[in-house]
1. Would you point out the residue of region 17-37, among those that are among the small types (Gly, Ala, Ser) and surrounded by 13 or more Cβ atoms within 10 Å (Cβ to Cβ), that is nearest to Thr118 (Cα to Cα)?
2. Give just the number: which of (1) within 24 Å of Val11 (Cβ to Cβ); (2) under 15 Å from the mean Cα position of the chain (by Cα) does Thr108 not satisfy?
3. Whether any residue in region 61-83 is out of contact with any helix residue (DSSP H, G or I) (no Cβ under 9 Å at 6 or more places or on another chain), of a type outside the set (Ser, Thr, Tyr), under 19 Å from Val11 (Cβ atoms) and at pLDDT below 95 is what I want to check.
4. I'd like the full set of residues that are closer than 17 Å to Ala60 by Cα, open to solvent by less than 80 Å² (accessible area, probe 1.4 Å) and not in a strand (DSSP E or B), limited to region 87-119.
5. Taking Val122 and the conditions (1) surrounded by 15 or more Cβ atoms within 10 Å (Cβ to Cβ); (2) closer than 21 Å to Gln2 by Cα, which numbered condition does it fall short on, given that it satisfies the others?
6. What's the number of the only condition in (1) within 16 Å of Tyr79 (Cα to Cα); (2) under 15 Å from the mean Cα position of the chain (by Cα) that Ser62 fails to meet?
7. Within region 38-79, take every residue that is part of a loop (DSSP other than H, G, I, E, B) and basic (Lys, Arg) and give me the one that is surrounded by the fewest Cβ atoms within 10 Å (Cβ to Cβ).
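The values are calculated or read from the model by the stated rules, or taken from the named source; none is laboratory data. Computed from a prediction, not measured in an experiment: that's the story for all the values here. Virtual Cβ from ideal backbone geometry, glycine too; neighbours counted across all protein chains shown. Side chains are part of the model used for accessible areas, which takes the heavy atoms of the whole protein and leaves out ligands, DNA and RNA. Shrake-Rupley method; radii C 1.70, N 1.55, O 1.52, S 1.80 Å.
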Amino acid sequence: VQLQASGGGLVQAGGSLRLSCAASGDTFSSYVMGWFRQAPGKEREFVARIMWSLGVTYYADSVRGRFTISRDNARNTMYLQMNSLKAEDTAAYYCAASRYISGRYDRTQEYGYWGQGTQVTVSS
């Protein structure tokens with residue numbers, strides 16, 4: 001499985017960005033896919049995840065109501081629409097994937113495949 005994240009950039013506080021994660025190498029109907037982020041000097045933290053087949057989503061409290069995770073089955077691509085961005089959202093954002101077994105999938109150790117990071121910088 002290969003994951004390719006893109007879409008990061010520099011944006012002012014209150015602005016929006018959309019991240020993409022293109023997936024290849026398997027059929028993803030039994031997968032869960034997620035977004036994590038890591039700021040300098042901090043641990044990688046969960047942002048959001050989606051169960052590929054059912055589209056069921058789950059968000060970290062810090063982004064719920066501002067971020068939306070989605071996927072396009074035909075394009076094998078996952079998205080993270082980020083609105084009302086804050087300076088504290090500044091981080092490298094990583095997409096991740098795993099075959100779904102059970103659990104909430106909000107921990108890094110639950111994911112076996114990772115894309116490279118894409119940097120999001122929010123200026124205040």
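1. Filtering first and then ranking leaves Ser20.
2. All conditions are met except number (1).
3. As a first pass, look at region 61-83 and keep what is out of contact with any helix residue (DSSP H, G or I) (no Cβ under 9 Å at 6 or more places or on another chain): 61, 64-65, 68-81, 83.
Going one step further and asking which of them are of a type outside the set (Ser, Thr, Tyr), we end up with 61, 64-65, 69, 71-76, 78, 80-81, 83.
Now narrow it down to the ones that are under 19 Å from Val11 (Cβ atoms): 65, 69, 80-81, 83.
Retained after the next criterion (residues that are at pLDDT below 95): none.
No: region 61-83 contains no residue that is out of contact with any helix residue (DSSP H, G or I) (no Cβ under 9 Å at 6 or more places or on another chain), of a type outside the set (Ser, Thr, Tyr), under 19 Å from Val11 (Cβ atoms) and at pLDDT below 95.
4. Ala87, Asp89, Thr90, Gly103, Tyr105, Asp106, Thr108, Glu110, Tyr111
5. (2)
6. Of the numbered conditions (1) within 16 Å of Tyr79 (Cα to Cα); (2) under 15 Å from the mean Cα position of the chain (by Cα), the odd one out for Ser62 is (1).
7. Here is the first cut: in region 38-79, the ones part of a loop (DSSP other than H, G, I, E, B) are 39-44, 52-56, 60-63, 65-66, 73-76.
Still in the list and also basic (Lys, Arg): 42, 44, 66, 75.
Values: Lys42: 9, Arg44: 17, Arg66: 15, Arg75: 11.
Among those that are part of a loop (DSSP other than H, G, I, E, B) and basic (Lys, Arg), it is Lys42.
Listed here are the residues, each with its yes/no results for (1) over 22 Å from Arg99 (Cβ atoms); (2) of a type in the set (Lys, Arg); (3) within 14 Å of the chain's Cα centre (by Cα).
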{"site": "Gln2", "(1), (2), (3)": "no, no, no"}
{"site": "Gly7", "(1), (2), (3)": "yes, no, yes"}
{"site": "Gln12", "(1), (2), (3)": "yes, no, no"}
{"site": "Leu17", "(1), (2), (3)": "yes, no, yes"}
{"site": "Asp26", "(1), (2), (3)": "no, no, no"}
{"site": "Gln38", "(1), (2), (3)": "yes, no, yes"}
{"site": "Lys42", "(1), (2), (3)": "yes, yes, no"}
{"site": "Thr57", "(1), (2), (3)": "no, no, yes"}
